[in-house]
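The values are calculated or read from the model by the stated rules, or taken from the named source; none is laboratory data. Since this is a predicted model, take the numbers as computed values, not measurements. In this analysis, Cβ positions are derived from the backbone assuming ideal geometry, glycine residues included, and neighbour counts consider all displayed protein chains. Ligands, DNA and RNA are excluded from the accessible area calculation, which covers all protein heavy atoms including side chains. Shrake-Rupley method; radii C 1.70, N 1.55, O 1.52, S 1.80 Å.
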Amino acid sequence: MFHGKRHPLELDEKGVGHFLSHLAVEGSVSPSTKNLALNAIVFLYREVLDRDLGDVANLVRARPRVRIPVVFTVDEVRAVLARLAETPWLQASLMHGSGLRSMECMGLRVKDLDLSRRELGVCDGKGRRDRVTMLPERLIEPLGHQLGLARGLHHRDLETGFGRASLPEALARKYPTAERDWSWQWVIPAGRCPVDPRSGTERRHHVNESGVQRAVMQAVRDSGVAKTGSRHTLRHNFATRLLEGGYDIRIVQELLGQRNVKTTMIYTHVL
């Protein structure tokens with residue numbers, strides 16, 4: 001559209017460069033949007049049109065702005081959590097009390113919980129990294145109740161010929177019966193069993209993250225907190241409270257599962 005509806009094959013790296021400059025100068029887009037456009041164009045030419053763009057793929061990427069994360073006060077967290085109930089409350093409490101990312105919270109399996117040691121394992125987190133983080137004592141009883149609900153649902157699934165959970169990668173071939181084992185079931189399972197497109201069979205999956213996302217944002221609005229917080233803000237609170245409590249920043253980095261300590265250092269602004 002920028003080049004008058006000319007086909008991409010008729011354009012060279014100069015045309016692509018002009019478009020990216022147009023986005024930055026006249027479009028006033030953010031650095032992340034410009035990088036996204038560059039990635040999309042490189043993918044289009046390399047993977048779809050099978051053509052090398054030359055120097056465009058090696059353009060210096062825009063440096064994103066460093067933003068200070070939004071952090072709630074203790075009273076604000078209480079006000080937000082007080083307006084959540086049942087599953088959304090448990091999910092938000094895990095993100096706040098254990099520092100989980102949203103998908104890490106959704107993807108918890110029974111084997112990942114150790115209630116006696118108050119530990120919570122995260123398998124295949126962001127960057128395909130495993131880690132162990134803390135589990136707050138006040139969540140032991142709610143998690144035990146949730147496990148009871150999940151076990152009852154699993155038993156009913158087994159009686160009706162289902163009860164299979166989706167397994168990562170080739171684990172289902174290595175352990176054919178693992179998909180029915182209680183330890184591999186989801187802590188917070190979904191309410192229905194969709195058809196797995198890979199195998200064509202109905203499998204129980206975990207809940208969708210959009211539910212807790214909407215619930216937390218609505219709770220922030222209802223609580224009257226004048227901050228643009230979301231479910232990820234609860235993870236920011238986890239890191240901030242540990243640093244305020246005197247935890248070493250390297251320990252906080254490990255608990256958060258962050259690859260570089262520079263990412264964790266952004267939370268030191270509260271100190």
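Checking the conditions here, which among 225, 212, 220 is within 29 Å of residue 124 (Cβ to Cβ) and at pLDDT 80 or above?
Only one candidate passes the filter, namely 212.
Checking each residue in the range 164-191 for being among the small types (Gly, Ala, Ser), over 20 Å from residue 149 (Cα atoms) and touching an Asp or Glu at 6+ places or on another chain (Cβ under 9 Å) picks out only 172.
Elements of the type helices (runs of 4 or more DSSP H) sitting completely within the range 230-271 and holding at least 1 residues that are open to solvent by 80 Å² or more (accessible area, probe 1.4 Å) and basic (Lys, Arg): these cover 249-256, 261-264. Would you confirm, using the coordinates I've provided, whether residue 151 is without any contact (Cβ under 8 Å) to a residue 40 or more places away in the chain and within 18 Å of the chain's Cα centre (by Cα)? So residue 151 fails the test.
Assess whether residue 233 counts as being within 21 Å of residue 128 (Cα to Cα), within 17 Å of the chain's Cα centre (by Cα) and of a type outside the set (A, V, I, L, M, F, W, C). Here the answer is no, as residue 233 does not meet what is asked. Among all positions in the range 132-139, there is no residue which is within 18 Å of the chain's Cα centre (by Cα), at pLDDT below 85 and open to solvent by 50 Å² or more (accessible area, probe 1.4 Å).
Among the residues of the range 167-182, write down those that are among the small types (Gly, Ala, Ser) and buried (at least 18 other Cβ atoms within 10 Å of the Cβ). The one that is among the small types (Gly, Ala, Ser) and buried (at least 18 other Cβ atoms within 10 Å of the Cβ): 172.
Filtered by the rule that a residue be hydroxyl-bearing (Ser, Thr, Tyr) and either surrounded by 13 or more Cβ atoms within 10 Å (Cβ to Cβ) or part of a helix (DSSP H, G or I) (or both), the range 211-229 gives a lone residue, 223.
The residue that is farthest from residue 268 (Cα to Cα), counting only those in the range 58-76 that are surrounded by 14 or more Cβ atoms within 10 Å (Cβ to Cβ) and modelled with pLDDT under 65, is 59.
Filter the range 98-131 down to residues that are in a loop (DSSP other than H, G, I, E, B) and touching a helix residue (DSSP H, G or I) at 6+ places or on another chain (Cβ under 7 Å) and give me whichever is most open to solvent (accessible area, probe 1.4 Å). The extreme case among them is 118. Only a single criterion out of (1) modelled with pLDDT of 85 or more; (2) closer than 27 Å to residue 219 by Cα is not satisfied by residue 110, namely (2).
Just for the range 77-97: of the residues that are touching a residue at least 40 places away in the same chain (Cβ under 8 Å) and assigned to a loop (DSSP other than H, G, I, E, B), which one is most open to solvent (accessible area, probe 1.4 Å)? Ranking the qualifying residues of the range 77-97, first place goes to 83.
Looking across the range 183-207, the residues that are modelled with pLDDT under 80, loosely packed, with under 12 Cβ neighbours inside 10 Å and over 17 Å from residue 85 (Cβ atoms) come down to 192, 194, 195, 197, 198, 200.
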